[in-house]
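**Student:** If you scroll down you'll find the structure; I have some questions about it.
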Amino acid sequence: MTALDTAVDMTTALGSVPLVGPVLTASGCSAFGQELEPFVDLTTLGAVVTKSVQLRPRSGRPTPRMAETPSGMLNSIGLQGPGIDGLLAGELPWLAERGVPAFVSIAGTRVEDFAELATRLRGVPGVLGLEVNISCPNVESRGEVFACDPVAASDVVAAVRAAADPAQPIYAKLSPDVTDIVPVARAVTGAGADGLSMINTLLGLVIDPDTMRPVLGGVTGGLSGPAVRPVAVRCVWQVHQALPEVPILGMGGIRSGLDALQFVLAGASAVSVGTAVFSDPSATARVHTELAGALAARGFSSLREAVGYAHR
Amino acid sequence: MSPYLTAPAPRADHPPVQREAEVLAARPVGAYVELTLAAPEVAGRAQPGQFVAFAVGGPMTANLLRRSIAIAGTDGAAGTATVVVAPHGPGSTWLAQRRPGDTVDVVGPLGRPFPLPEPGTTALLVGGGYGAAALVGLAALLRSRGSRVLAVTGAADAARLCSVEELGETADVVAVTTDDGSAGRAGRVTVAVAELIGGSGIAYACGPMPMLRAVADAATAAGVPSYVAVEESMACGIGVCMTCVLPVVGADGLTRFSRSCTEGPVFGGDRVRFADVGSLPWDVVGADAMGVVRP
């Protein structure tokens, strides 16, 4: 099975960069792609979206880091990762050697951190572009969730756009935990974002009725999985309606091709499959096949025709 | 020279597969259910210490996370793999209710197997509760390599003992303990471990964390290398979710939050920092970036 064996033209793009298919991994849900190799042909994915990288190696938070919730899960990993030096020396060359495109998620606590990461990633082989993670809920304070404030969010995006390789599109990853997502979307695109990734997890909390204390070591965590899908589709819908020219990478609870279709119809030109990979390691390939079938069944000859169709 | 008696467990020989497997048999064993699966590719690749991860609840399930369970045995010729399911939550209860003819989505074999000692080395195997099941294949493999195998199985009560019969078929000695004295000697496995560790060249353990810690400590104190198979809560089992980490000392002497699924579940017993599980010590690699600094 390849991404190209369907009658429907499934090619799409991230900004100016063409993709063989519209299904990507989701940041934080497929590590750096290596562990999926036994289960999917990584070269048929639109791209591997890496776990967010920071300047320094990070241990992440103490355990417990996970609680299962109805049709979803709460996680509190705390951005464990090798740091940019480790990524450049290990994971990115591994992907490049196999011809697997990487969309690198970057994160930081200061505007300068993001800019430095973008600089370090200029011209790196195989790096299609950058997803700017300004919306991870697992940080020390809500003040660090840049995506909750249009000004803070656009400061980060402007700095990244200025520092990044001009050939690499940058997508700002937005949080649904805001009163109105459209002003944030408008601010970051005005600051130079080539596209938007929606949505990051929602801040949640689970209490163990036996211990009568929060389950997670980090107390709060990010809620993901099909439970959040309607919130994500709503965010994509609202932003596409307000900013129809801005490309959207949609994610949030996609488990099947029909789930992905909802995002496409709402306005996403590509999708990330995240938590579903924990349940089904071959989910990305399956969602691609199912989405192609669903588009064909509805008379679309290309994915592009279906993007935003629900608005028309 | 390394101050550690163990080297980190190497990777398995084969990558995992994802398959729909038919349940061939479901046998109640005390408080547990032993499932035999038609899974020839898993059976053909599995090495003792590895585990499989099940999807639970069927296509309409609201429980999305995989359930990781140690492989209790494989029959390469028959193409079957066996697991012992301990029902305690909705997912494991659903699994324990599978009947012959049902199918389950299984990923495996996963994780790193138990490293093996020089042929002929006397080995002490310690299983707590259903953790004993993970040692059955190891016992047979060690015997085939000329090891004398001393097995200890313990549980809260007789119904929670596991694999005593299977271990008895291969081990030279099987000591049984229960907390309430309903089978074997009354007390913890540590009583039997203390008696047997001195005559052993290597120790293996699978079971609850406090037991693993006690066995590892006893082995290390006796100068005996030990390997423990941990049971951490895992969302995926394949190494992508980062939820199942433990503070483990690597080959370079540095402590990292290591994934129990892909860097474990088998760790050197003297490399797991049991006392620090659930906390973030300052000397874990990357703790400084979390704002945790040397006191």
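A short reminder: the numbers here are calculations on the coordinates, not readings from a lab. Keep in mind it's a predicted model, so treat the numbers as computed, not measured. Note that each Cβ is placed from the backbone with ideal geometry, even for glycine, and that neighbours are counted across all protein chains shown.
**Student:** What does the structure give for B:104-114 when I average, per residue, the other chain Cβ atoms found within 10 Å of the residue Cβ?
**Tutor:** Mean partner-chain Cβ count within 10 Å for B:104-114: 1.
**Student:** Please list, in chain and number order, the residues 5+ apart from A:Val53 or on another chain whose amide H is under 5 Å from its amide H, with Hs placed from the backbone.
**Tutor:** A:Ser105, A:Ile106, A:Ala107
**Student:** Can I ask one more? Shielding by partners for B:9-17, please: the mean number of other protein chain Cβ atoms within 10 Å of each residue's Cβ.
**Tutor:** Average neighbour count from other chains, rounded to a whole number: 1.
**Student:** Let me ask something else. Normalised by the residues of the range B:17-110, what does the relative contact order come to in percent, with Cα pairs under 8 Å and at least six apart?
**Tutor:** 41 percent
**Student:** Now for a separate question. Please report B:Met234, B:Met290 as a ranked list, fewest other C-beta atoms within 10 angstrom at the top and most at the bottom. Numbers along the way, then the final one.
**Tutor:** Values: B:Met234 26, B:Met290 20.
By the 10 Å Cβ count, ascending, the order reads B:Met290, B:Met234.
**Student:** Take the Cα atoms of the range A:171-236, find their three principal axes, and give me the spread along each one in whole Å, biggest first.
**Tutor:** 48, 21, 19
**Student:** Filter the DSSP H helices in chain A by two things, a Kyte-Doolittle mean of at least 0.5 and an axial alpha-carbon span of 30 angstrom or more, and list the hits by number. Provide the component values of the computation, followed by the final result.
**Tutor:** Working: long enough: none.
What comes out of the filter, once short or polar helices are dropped, is none.
**Student:** Beyond 26 Å, how much of the Cα-Cα pair distribution for the range A:12-311 remains, as a whole percent?
**Tutor:** The calculated P(r) of the range A:12-311 puts 38 percent of pairs beyond 26 Å.
**Student:** Cut-off is 10 Å between beta-carbons; in what order do B:Trp94, B:Trp282 appear when sorted fewest neighbours first?
**Tutor:** Taking fewest neighbouring Cβ atoms as first place, the list is B:Trp282, B:Trp94.
**Student:** At 10 °C and a viscosity of 1.306 mPa s, what translational diffusion coefficient does Stokes-Einstein give for the protein assembly as shown, taking Rh as the Kirkwood radius over Cα pairs? Give it in µm²/s as a whole number.
**Tutor:** The calculation lands on 64 µm²/s.
**Student:** Could you work out, for chain B, what percent of all Cα-Cα pairs fall into each 10 Å distance bin, beginning at 0 Å and stopping at the bin that holds the largest distance?
**Tutor:** 7, 29, 36, 22, 6, 0
**Student:** Also: Write down the percent of antiparallel bridges among all DSSP beta bridges whose residues are both part of the range A:12-311, to the nearest 5.
**Tutor:** 40 percent
**Student:** Could I ask something else about it? Would you kindly calculate the translational diffusion coefficient of the range B:189-253, applying Stokes-Einstein with the Kirkwood radius from alpha carbon pairs, for 4 °C and a viscosity of 1.567 mPa s, and quote it in µm² s⁻¹ without decimals?
**Tutor:** My calculation gives 98 µm²/s for D.
**Student:** Can you tell me the FRET efficiency between A:Trp94 and B:Arg27 if r is taken as the Cβ-Cβ distance and R0 is 35 Å, rounded to the nearest 0.05? Before the final figure, lay out each step's value.
**Tutor:** On the way: r = 43 Å, r/R0 = 1.24.
FRET efficiency, A:Trp94 to B:Arg27: 0.20.
**Student:** Cα convex hull of the range B:115-220: how many Å³ per residue?
**Tutor:** 81 Å³
**Student:** Follow-up. What's the average, rounded to a whole number, of partner chain beta-carbon atoms within 10 Å of each residue's beta-carbon in A:277-284?
**Tutor:** For this peptide, the per-residue mean of nearby foreign Cβ atoms is 6.
**Student:** Using θ = phi - 60° and the Karplus relation 6.51 cos²θ - 1.76 cosθ + 1.60, list the HN-Hα couplings for the range A:121-135 in order, rounded to whole Hz, with x at every Gly or Pro.
**Tutor:** 3J(HN,Hα) across the range A:121-135, in whole Hz: 9, 4, x, 6, x, x, 8, 5, x, 10, 9, 9, 7, 9, 9.
**Student:** Could you work out [θ]222 nm for chain B from helices alone, using -39500 (n - 2.57) per DSSP H run of at least four and dividing by all its residues? Round to the nearest 500 deg cm²/dmol.
**Tutor:** -4500 deg cm²/dmol
**Student:** Of A:Leu95, B:Leu64, how do they rank once you tally other Cβ atoms within 10 Å and put the fewest first? Don't skip to the end; give the middle numbers.
**Tutor:** On the way: A:Leu95 24, B:Leu64 27.
Least to most surrounded, the residues fall as A:Leu95, B:Leu64.
**Student:** Also, I was wondering about something else. Sequence gap at least 6, Cα distance under 8 Å: using those rules, report the relative contact order of chain B to the nearest whole percent.
**Tutor:** Worked out over chain B, it gives 18 percent.
**Student:** What share of the DSSP beta bridges in chain B is antiparallel, in percent to the nearest 5?
**Tutor:** Within chain B, antiparallel bridges account for around 60 percent of the total.
**Student:** Something else about it: Which distance in nm do the two modelled labels at A:Arg312 and B:Thr103 give, with both placed 7 Å along the Cα-to-Cβ direction?
**Tutor:** A separation of 3.8 nm, rounded to one decimal place.
**Student:** Taking only the alpha-carbon atoms of the range B:206-295, what semi-axes of the equivalent ellipsoid follow from 5 times the gyration tensor eigenvalues under a square root, in whole Å, largest first?
**Tutor:** 21, 17, 11
**Student:** Given an 8 Å cut-off on Cα distances and at least 6 residues of separation, report the relative contact order of chain A as a percent.
**Tutor:** This gives 21 percent for chain A.
**Student:** Let me ask you something else. Going by Cβ distance under 4.7 Å, what cysteines of the protein assembly as shown have no possible disulfide partner?
**Tutor:** So far as the 4.7 Å Cβ criterion goes, A:Cys29, A:Cys136, A:Cys148, A:Cys235, B:Cys162, B:Cys206, B:Cys244, B:Cys261 stand without a partner in the protein assembly as shown.
**Student:** Given the DSSP H assignment, sum -39500 (n - 2.57) over each helix run of at least 4 residues in chain A and divide by its residue total; what's the result at 222 nm in deg cm²/dmol, nearest 500?
**Tutor:** -8500 deg cm²/dmol
**Student:** Given the peptides B:66-74, A:295-303, arrange them by the average over their residues of other C-beta atoms within 10 Å, most packed first.
**Tutor:** B:66-74, A:295-303
**Student:** Starting from the alpha-carbon convex hull of the range A:110-191, give the projected area averaged over all orientations, in nm². All intermediate terms of the calculation are to be shown ahead of the outcome.
**Tutor:** Working: hull surface 20.8 nm².
Seen from a random direction, the Cα hull of the range A:110-191 projects 5.2 nm² on average.
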